[in-house]
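Just below is one structure, and these are the notes that go with it.
Derivation of every value follows stated rules applied to the coordinates shown; laboratory data play no part. Everything numeric here is computed off the predicted structure, so don't read it as measured data. Because the Cβ atoms are built from the backbone with ideal geometry, glycine has one as well, and the counts that use them run over all protein chains shown.
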Amino acid sequence: MVREFQEYRPYTSILQFRQEIGKYVGAARVAEYEKYVYVPVTPNAADAATLQQLPGVSAAIADKLIAARPYASKDAFIKKLTELTSTDQATQAAAFVEA
């Protein structure tokens, strides 16, 4: 499992992480591991599940973020995220968003 974990880093989506690690452990264990995994978020390409890893992003907010694509920059994405979540959550999320 450790080899698998390292082989696919960096993960491009949380779904990829779930698929690869899910080969070795159950869904409940994968969910626990997700708390410790960094999956970079690419604003114009991230799927809804990956966007939901950002603070304050629900399924409905993820859908709104996807509908507002394309984003001209990371700052444009963070601005939209701030409209949909709190300023504190958007500020925290900025650390996970790729430029």
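Annotations
- The criterion of being more than 23 Å from residue 99 (Cβ to Cβ), part of a helix (DSSP H, G or I) and among the aromatic types (Phe, Trp, Tyr) does not hold for residue 24.
- If the condition is being assigned to a helix (DSSP H, G or I) and more than 15 Å from the chain's Cα centre (by Cα), then region 1-18 contributes 2, 3, 4, 5, 6, 7.
- Scanning region 69-95 for residues that are charged (D, E, K, R) and either crowded, with 17+ Cβ neighbours inside 10 Å or not in a loop (DSSP other than H, G, I, E, B) (or both) returns 74, 75, 79, 80, 83, 88.
- Only listed residue being touching a Leu at 6+ places or on another chain (Cβ under 9 Å), among the β-branched types (Val, Ile, Thr), under 20 Å from residue 17 (Cβ atoms) and in a loop (DSSP other than H, G, I, E, B), chosen from 39, 57: 57
- On inspection, residue 66 does not qualify as part of a helix (DSSP H, G or I) and touching a residue at least 24 places away in the same chain (Cβ under 8 Å).
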